[in-house]
1. For region A:275-317, what are the residues that are within 14 Å of another protein chain (Cβ to nearest Cβ), closer than 19 Å to A:Val204 by Cα and small (Gly, Ala, Ser)?
2. Condition first: within 8 Å of chain A (Cβ to nearest Cβ) and in a loop (DSSP other than H, G, I, E, B). Now tell me which residues in region B:63-79 satisfy that.
3. If you scan region B:121-142, which residues turn out to be more than 29 Å from B:Val91 (Cα to Cα) and surrounded by fewer than 22 Cβ atoms within 10 Å (Cβ to Cβ)?
4. With the checklist (1) surrounded by fewer than 24 Cβ atoms within 10 Å (Cβ to Cβ); (2) touching a Lys or Arg at 6+ places or on another chain (Cβ under 9 Å) in hand, flag the one item B:Ala251 doesn't pass.
5. Just to verify a result, which residue in region B:101-120, among those that are in contact (Cβ under 8 Å) with a residue 24 or more places away in the chain and open to solvent by 30 Å² or more (accessible area, probe 1.4 Å), is farthest from B:Ala368 (Cα to Cα)?
6. Which ones in region A:394-425 are in contact with a Ser or Thr (Cβ under 7 Å, 6 or more places away or on another chain) and of a type in the set (D, E, K, R)?
7. Need pairs with beta-carbon distance below 6 Å; first residue within 18 Å of B:Val397 (Cα to Cα) and within 14 Å of another protein chain (Cβ to nearest Cβ) and within region B:430-444, second of a type in the set (Gly, Ala, Ser) and open to solvent by 10 Å² or more (accessible area, probe 1.4 Å); sequence gap 6+ or separate chains.
8. Can you find, within region A:402-432, the residue that is surrounded by the fewest Cβ atoms within 10 Å (Cβ to Cβ) among those that are touching a Leu at 6+ places or on another chain (Cβ under 8 Å) and assigned to a strand (DSSP E or B)?
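The values are calculated or read from the model by the stated rules, or taken from the named source; none is laboratory data. Please read these numbers as outputs of a predicted model, since none were measured by experiment. Positions of Cβ are generated from backbone atoms using ideal geometry, with glycine treated the same way; all protein chains shown enter the neighbour counts. Ligands, DNA and RNA are excluded from the accessible area calculation, which covers all protein heavy atoms including side chains. Shrake-Rupley method; radii C 1.70, N 1.55, O 1.52, S 1.80 Å.
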Number of protein chains: 2
Amino acid sequence: MEQQLLLATKYPSSQKTRLLNVLLASSLLFNVVLLLLLLLGKQYELPTDGGAIDSLQDVAAGWSRKAAAEAESAAKYHCSGHGYVFVDTSVSLNSDEEGTPACECNDCYTGTDCSQIVPNCVANAESGDPVFLEPFWIANAEAAATVVPAWYRMSYRIMDALDINLSPELEKQIRAIHSLAGNVVTEGRYIVLGTGSMQLLNAVVNSLSPIHAQNPNPAGVVSATPFYGAYKEQTEMFESLDFTWKGDASAWIKRAESLNSTTFIEFVTSPNNPDAVTREAVLNGRNVKTVYDYAYYWPHFTAITRPADDDVMLFTLSKLTGHAGSRLGWAIVKDYHVYRKMYQYVLLNTLGVSHDTQLRATRLLKAALSAYEKRGRMRTGRLEDEKQLLFHYGYGVMRRRWQRLERIFSGSDRYSLQSLRPAYCKFFKMVTGPSPAYAWVKCEREEDRDCAAVLKSGGIIGRGGESFGADKRYVRLSLLKRDDNFARLESRLQALLSHNFSGAS
Amino acid sequence: MEQQLLLATKYPSSQKTRLLNVLLASSLLFNVVLLLLLLLGKQYELPTDGGAIDSLQDVAAGWSRKAAAEAESAAKYHCSGHGYVFVDTSVSLNSDEEGTPACECNDCYTGTDCSQIVPNCVANAESGDPVFLEPFWIANAEAAATVVPAWYRMSYRIMDALDINLSPELEKQIRAIHSLAGNVVTEGRYIVLGTGSMQLLNAVVNSLSPIHAQNPNPAGVVSATPFYGAYKEQTEMFESLDFTWKGDASAWIKRAESLNSTTFIEFVTSPNNPDAVTREAVLNGRNVKTVYDYAYYWPHFTAITRPADDDVMLFTLSKLTGHAGSRLGWAIVKDYHVYRKMYQYVLLNTLGVSHDTQLRATRLLKAALSAYEKRGRMRTGRLEDEKQLLFHYGYGVMRRRWQRLERIFSGSDRYSLQSLRPAYCKFFKMVTGPSPAYAWVKCEREEDRDCAAVLKSGGIIGRGGESFGADKRYVRLSLLKRDDNFARLESRLQALLSHNFSGAS
């Protein structure tokens, strides 16, 4: 009231209204500002430090039980021996109303329990999928299961005290399995891990090639025909200034040596993919660097004749334990600088190799090794325990398959298999017959120029010779797949060879 | 006898001896041949087919128990809260006589139980190791444990019926976590997995660059300073004909557009590594392809202001769940052809991404998602359960650390922190204060030209500005490491800022 009177006496009426308007506007503006400050100021309430979780001491025992129960209950679904349910099998549209997951069926099987055969399913022997070892790992389910704690090795480093990304325990198992197989010298050698040996192909090419600024001639990457196609495809994909694909190594004999300033990097796969032949380098000379891909140099696939001891040797878990999906490979390297360069490559390419995979590989190799150790302690010379013996089991499957294949092809003058001979295997301590990973089939008749097409007409999918830098008259058939896949391949081949299907039919 | 007589009458004496010698030699040779044939013929005895293992039906229940017990008993070792024992912890020289494994100690701790502090240990804040989330996963040990059966997804393919290497269940969880966070549009977008987003950097550069044969001008790969150093290092390592590192994107503004025939690929990291600033592309134009690296665009590290919807967006498990060691990243891609090229790159580089890692990532994301789902069902608006809520927990830790850091730097005119502002976060539905992954420290004094050296003199290891294409006056300090590491960093910084160490001291 007093203020109103004051205003009334001090100001005339029109001025008074204007002033009130200004005051009101200011006040409203102030309201808005305060409100905004209040709202914006209401920041996220931080949990107090009391909420922090300290250490493993607080973790209740039995933390793995739920995950184990889930994994086991998934494994219990009946998939007719032709499929699987895992904990990460999607409860998909295929599933029934109660949310029972549908089985993930193997090739050529279908239905929620994989009990139905897909009619006229082809025998797909295209890929080198090493699933022939699945039954081995099912039989060794207990010894080779892996439990990964939620907090397991989260860091980029495998452990704080190490500056390389290779688990010491995995390294130990890798050296031990080589020592058991007797296939390679590892003492005093460096080991580089890769995301499959696939990653290591380019790691080694990159590491052995001159740097462009120092030498404008790119290294020539070569391999003798028939060669594993990835050497070419990967090298070409990178379109590097430092190296280039130069095809069949044999074409460079003598020529390579004369090219003084050009480095040659020769991939030697032994036993070879696709034809399983034992190989030596084709090129020699001071510009030539040889990389041995020993993916298949294990007792499953070939006689171990000597411990290999080359400068750079590549290996992969895929062909040793069959775990292709885990993506683990390693190089055994003599020279420290080559080792460091390859290690740096893997670091800049993928920041190392999955710790989860390293753990699982450790478990798998340990299971394989301890079975042989036990056998040694039991001093039994017989092989009745082969279900636990990786190399015995693997050799057994591959050898039987090859024998059956040889029988099928023996009468044919139209199709032939590569010729492989028995040899003394230092691992088995006896002469072993051939047990190759692949059949390298040749169509002998003049008119069968495209052998893959001929086989396809008989319901067989192979990988054509041209993928290996070879003639289309050849086809690679994988012998590494599941029993039912091999049986299908067998019966299709039998039909093809007896009925003399022609490529055009 | 008759024969002898016959020989005697028919041949003279000397001839007789010679003949006998020949016969004896032949007979001996024949014996050797027979013996060899006998020996070589003794081939490896194949296990009969009866020895084959058929299917999961034969696997005894409880196959996971041994592995679970081993994992749990390893986790029970007392490592003083500063280290771990896992099943693959080596029983090393450090271990005691009973073969008790020595703990793997975190940085700055030592002793078999990690109870001793390493004297004068530096505060190493160099790497972006996201181990601040370890306690979260320890607290969620049960929900996030992973059990991998021995026969789990051994094939190159994630399942037979799929021709891409991305587990459908993992894809589902990835889309779900994005949908929960609201940070990106995934509907109708393709997802490419990588061995960490590291692998995807070059996958995208390779896929967006012209092929040399079609365009001799290599694409220029750029990023605005300060940028994540791996863009440069990785691009340079590949020495490709198709692309080349062109440095600071800002230097190409206007110039890029004028270079008609040159493609530019700009990496935009938002929030940025190292300085946590929200970023947009610097270059525009029809030759410019922008790649968004959203590694840190999660509620832990920044306010989620909108769902990003760019052409190519990169993410990594490392900065989402903290599992850097698992090597899993993904790209969300609009264009089908870019997606296919990136997919092919990963295939030829590493034949896909570890299935073991895909399983573990599925479990981790599922655990994180189901905690939020439960919270929703409980309709509680409060955050007392933040130990189970990944984003809340992550934000809580990072926010507290930043607040403490701001307090330390607030009085200093010699060192400064980057300036970051609160913003409204659509995920938390409130204004959140800054919670960056890194501090981007500047040495303000004229004489402190090498800021990393100055900090080093105070026992702090950071990553110098030059690694980010920036001035050496800047240093990145990681705030992502363990609590004890951050505490060490805090106290070293406090000492440095109060005592005014000089770079020369």
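1. A:Ala295
2. Within region B:63-79, B:Trp63, B:Ser64, B:Lys76, B:His78, B:Cys79 qualify.
3. Across region B:121-142, the qualifying residue is only B:Glu126.
4. (2)
5. B:Asn120
6. A:Arg399
7. Within 6 Å, the pairs are B:Thr432/B:Ala303.
8. A:Val431
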